[in-house]
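Asker: Got a structure for you, questions after.
Where a number appears in this text, it was derived from the coordinates with a stated rule and is not lab data. Just so we're clear, the structure is a prediction, and the values are computed from it rather than from any experiment. Reconstructed Cβ throughout: ideal geometry from the backbone, glycine too, with neighbour counts over all protein chains shown.
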Amino acid sequence: MTGFPILDVVIGLTFIYLLLALVCTTLMEWIAHVRNLRGRMLEQGTRRLLGEDGEKDAKFTAALFQHTLMQDLSEGKRKPSYVPSKTFARALRDIVRERQTATDAQQIPPRLQASLQALASSEPTQTDSQSLPAIPALAEWFDEAMDRLSGTYKRKTRWIVLLLAVGVTLLMNADTVKLTTNLWHNPTLRAFLVERAKVRLDQGPPLETVEYADPLNPQVTAPIGTDSTRSPDQLLAEEQALLGELFGWKAERAAFAAQGAGLWLFRHILGWTLTALAVSLGAPFWFSALDRFMKLRATGVVPPKYQAAPGSKPA
Amino acid sequence: MIARLIAISSAFACVALAADSLPAQAKKFEVRLKRAWVQKFADRTTVEAAMTVRHTHKHANSVKKGGDDGDIHFSGTSPDIGLPFVAEVVNAGLPAQQPAMQAIIAQDDGGQLAIAGAWRLWFEHPAKKQTQGGSNAFEPDHTNPDHSFEIHPASKVDQLNIGGSFIPIANYQAYDADTAFPYFDSDSVTIKASSSGISIRSKKLKYNYVEFEIELTHDPKAVQDGFIGLARVFNDQGDEAADGTRRMIFVGGTKAATAIQNASAGDRFRVLGVPRLNLKSVLALVNKNGTKQFDAQLPYEMIIVGVH
């Protein structure tokens, strides 16, 4: 414990927000996977890029996603959730060429034709005989569109995360007011949460890894997406038990009877609102906050746990 | 009651505000590599790349200390690397390097170069996140974009062999062993692997050129493109500057490699070196930890640029 109980209260709160945010992250990932949110958003963004947004029957986009290179990225019937820009560029050139030579150029959406012409004219030395932009130019065009799409995805999922935060808060009865009061009056609980927070910090913030489609090929190729080994995002069994002990609905019947409906509701609505808002800020925010508060609490920087690099200085 | 609720709400607001204003953690730069690529280069001294040159300096740096190291810097991309990178020729101002200098400068702004040299993964000018083979921003768009990968020093530019540039830099004040090695040994990295990728997180690292003494503990081992030696490290007073041994990398066909190729265990040399990540150690750590995230002492080795 420090001589500043308020700091330990803050650390305890931050740690609990982090755990609840991790629960929301896990749920969000599950929803995104089940609903294939990324794949659907990618298709929607591609349709817009190809000038077919708002059209009921986006034939050109469908043809693009049917291309062999794109099919290789799909998992069964699921649309790919990530397309390397060069793969997109190659598939697009194939489809456009096919349609140009098949004399049904009218099947190329007019807006796409205009975009391709604009790209080709901006880099005249890199176009081919059929006035198609070069692969790098198309890839860059796709990357720029995907950057914008990534922002849109984050904005859209923010609302889902907020709803999840409200749901998790209510389901667990995670009341900030009640928790703060408990932490302030219970030094043992404060000390316990600070210790648990240290364990969590030792794991470090989740480090994202990528996967490659050809793991044995040492040639550099485009990654196919993030991996599924996200252990730092998962709650430890002790942390799950901790949340179960801190929150819940068991004691609420007695509190409701003692305080009356009005006061009970007023106190809880404030506590729930604060929790839901905090949790919706996300796990990375609270992890970073926890790291900073712990450093503030420490008298010096705690040395990290090293593993000696083989062939170097012994541990 | 109301006062207590207001106090709690205020405390909550303070938590959120303070959390955002305190200094951020230092270790925040990430590079994600392809595991098979790492395995290929772990025991190689060099890499070859078809480079698209984005920007080049027009002259060699002046020679003094720190960044005034006599190198020429040029930046670009290559499908063989998959990361924005910078290449550097040491002793670029010497007459022997002028044909290579002209070849490099001629390719400024989009030209192609076949380049080879010591690969160097090091978080000296890192980007927040870069992924090998991914869509990495080339920012800032000049000779020194955010990068964790370098070909430094270069040993070949097109058909021009510049292995002769691997000599100590005259009149350059390098960092000493007592400054650099304790710093390297006190740093840590965070590593996590997937089945086909390896991610490494580090803080920004410093101390580029270090001058020190080595004593080989084994005969140098010939590898495909040079020599790798295990050596103890000493400072100017003859005291050990780092416990245990470090890997020393000698690029094949360079003056540095020529100087040690017939050396034996126990031989001593005064050398100029630049640090890079030791990918062999990274692989060993990854094999031990599987897909679990872990912290480890900075795994590094020294590319020997010159032997006195």
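Asker: In whole Hz, what ³J(HN,Hα) sequence does segment B:163-176 give by Karplus (6.51, -1.76, 1.60; θ = phi - 60°), x for Gly and Pro?
Answerer: Working through the residues one at a time gives x, x, 7, 7, 9, x, 8, 5, 6, 9, 9, 6, 5, 8 Hz.
Asker: Given R₀ = 35 Å, FRET efficiency for residue B:217-residue B:137 by Cβ-Cβ distance, to 0.05?
Answerer: 0.25
Asker: So, one more: Which ³J(HN,Hα) values, rounded to whole Hz and listed in residue order, are derived for segment A:163-173 from phi using the Karplus coefficients 6.51, -1.76 and 1.60 in 6.51 cos²θ - 1.76 cosθ + 1.60 with θ = phi - 60°, glycine and proline given as x?
Answerer: Per residue, the Karplus-derived 3J(HN,Hα) values read 5, 5, 4, 4, x, 5, 4, 5, 4, 8, 6 Hz.
Asker: In debye, nearest 20: dipole of the protein assembly as shown around its Cα centre with unit charges on the Cβ of K, R (+) and D, E (-)?
Answerer: Details: 67 positive and 64 negative charges, 403 e Å.
Here the size comes out at about 1940 debye.
Asker: Obtain the nm distance between the two label points defined at residue A:6 and residue A:150 by a simple spin-label model: each point lies 7 Å from its Cα along the Cα-to-C-beta direction.
Answerer: 4.0 nm
Asker: What would the Debye formula give as log10 I(q)/I(0) at q = 0.09, 0.10, 0.15 Å⁻¹ for the alpha-carbon point model of chain B, no solvent?
Answerer: -0.46, -0.56, -1.21
Asker: So for the protein assembly as shown, taking the charge dipole from beta-carbon charges (+1 Lys/Arg, -1 Asp/Glu), which of A:153, A:185, A:4 sits furthest toward the positive end?
Answerer: Result: A:185.
Asker: To the nearest whole number, what is the average tally of beta carbon atoms from other chains within 10 Å of the beta carbons of peptide A:137-143?
Answerer: For peptide A:137-143, the averaged partner shielding equals 1.
Asker: Label points 7 Å out from Cα along the Cβ direction at residue A:97 and residue B:240: separation in nm?
Answerer: 6.3 nm
Asker: Separate question: I need the Debye-formula profile for segment B:64-147: one equal scatterer per C-alpha, no solvent, reported as log10 I(q)/I(0) at q = 0.20, 0.22, 0.25 1/Å, two decimals.
Answerer: These q points yield log10 I(q)/I(0) values of -1.03, -1.22, -1.45.
Asker: Placing +1 on the Cβ of each Lys and Arg and -1 on the Cβ of each Asp and Glu in segment B:41-165, which of B:147, B:107, B:52 has its Cα farthest towards the positive end of the resulting dipole?
Answerer: B:147
Asker: Efficiency by 1/(1 + (r/R0)^6): what FRET value for residue A:251 and residue A:198, r their Cβ-Cβ distance, R0 = 35 Å, to the nearest 0.05? Intermediate results must be reported in sequence, preceding the final value.
Answerer: Working: r = 29 Å, r/R0 = 0.83.
The formula returns an efficiency of 0.75 here.
Asker: Taking beta carbons within 10 Å but only from partner chains, what does the mean come to for residues B:292-305?
Answerer: 4
Asker: Below 8 Å, C-alpha to C-alpha, sequence gap of six or more: please give me the relative contact order for chain B in percent. Before the final figure, lay out the partial values.
Answerer: Working: 744 pairs, mean separation 61.9, N = 308.
Result for chain B is 20 percent.
Asker: Using unit Cβ charges (K, R positive; D, E negative) and no other charged atoms, how large, in debye to the nearest 20, is the dipole of segment B:41-165 about its Cα centre?
Answerer: 140 debye
Asker: Averaged over peptide A:170-182, how many Cβ atoms belonging to another chain are found within 10 Å of each residue's Cβ?
Answerer: Working: counts 0, 0, 0, 0, 0, 0, 5, 5, 1, 1, 8, 2, 0.
What the average comes to for A:170-182 is 2.
Asker: Take every DSSP beta bridge whose two residues both sit in segment B:41-165, then give the antiparallel share in percent to the nearest 5.
Answerer: Given both bridge residues lie in segment B:41-165, the antiparallel proportion sits at roughly 90 percent.
Asker: Continuing with the same structure: Pick out, from B:81, A:85, A:165, the residue whose Cα sits farthest towards the positive end of the charge dipole of the protein assembly as shown, with +1 on the Cβ of Lys and Arg and -1 on the Cβ of Asp and Glu.
Answerer: Result: A:165.
Asker: Now for a different question. Give me D for segment A:149-199 in µm² s⁻¹, whole number, from Stokes-Einstein with Rh from the Kirkwood sum over alpha-carbon pairs, 25 °C and 0.890 mPa s. Please report the intermediate quantities before stating the final value.
Answerer: On the way: Rh = 13.5 Å.
Using the Kirkwood radius from Cα pairs, D works out to 182 µm²/s.
Asker: What three numbers, in Å, describe the spread of the alpha carbons of segment A:34-106 along their principal axes, ordered from the longest?
Answerer: Extents along the principal axes: 41, 26, 19 Å.
Asker: In addition: Among B:254, B:77, B:179, which one shows the highest mean-square fluctuation when chain B is modelled as a Gaussian network with alpha-carbon springs under 10 Å?
Answerer: Looking only at B:254, B:77, B:179, the largest GNM fluctuation is found for B:179.
Asker: Taking every pair of Cα atoms in the protein assembly as shown, average 1/r, invert it to obtain the Kirkwood radius, and report Rg/Rh to two decimals. Each step should come with its number before you reach the end.
Answerer: Numbers: Rg = 28.5 Å, Rh = 27.6 Å.
Using Cα coordinates only, the ratio equals 1.03.
Asker: Same structure, new question: If amide H atoms are built 1.01 Å from N in the plane of the peptide, which residues on other chains or at least 5 residues away come under 5 Å of the amide H of residue B:225?
Answerer: B:45
Asker: Which ³J(HN,Hα) values, rounded to whole Hz and listed in residue order, are derived for segment A:57-72 from phi using the Karplus coefficients 6.51, -1.76 and 1.60 in 6.51 cos²θ - 1.76 cosθ + 1.60 with θ = phi - 60°, glycine and proline given as x?
Answerer: Once rounded to whole Hz, the list reads 10, 7, 5, 5, 4, 4, 5, 4, 6, 7, 4, 3, 4, 6, 4, 4.
Asker: Something else now. Which order do peptides B:221-228, A:185-192 fall in by mean Cβ count within 10 Å, highest first?
Answerer: B:221-228, A:185-192
Asker: Quick check: pseudo-label points 7 Å beyond the Cα along Cα→Cβ at residue A:111 and residue A:77, how many nm apart are they?
Answerer: 2.9 nm
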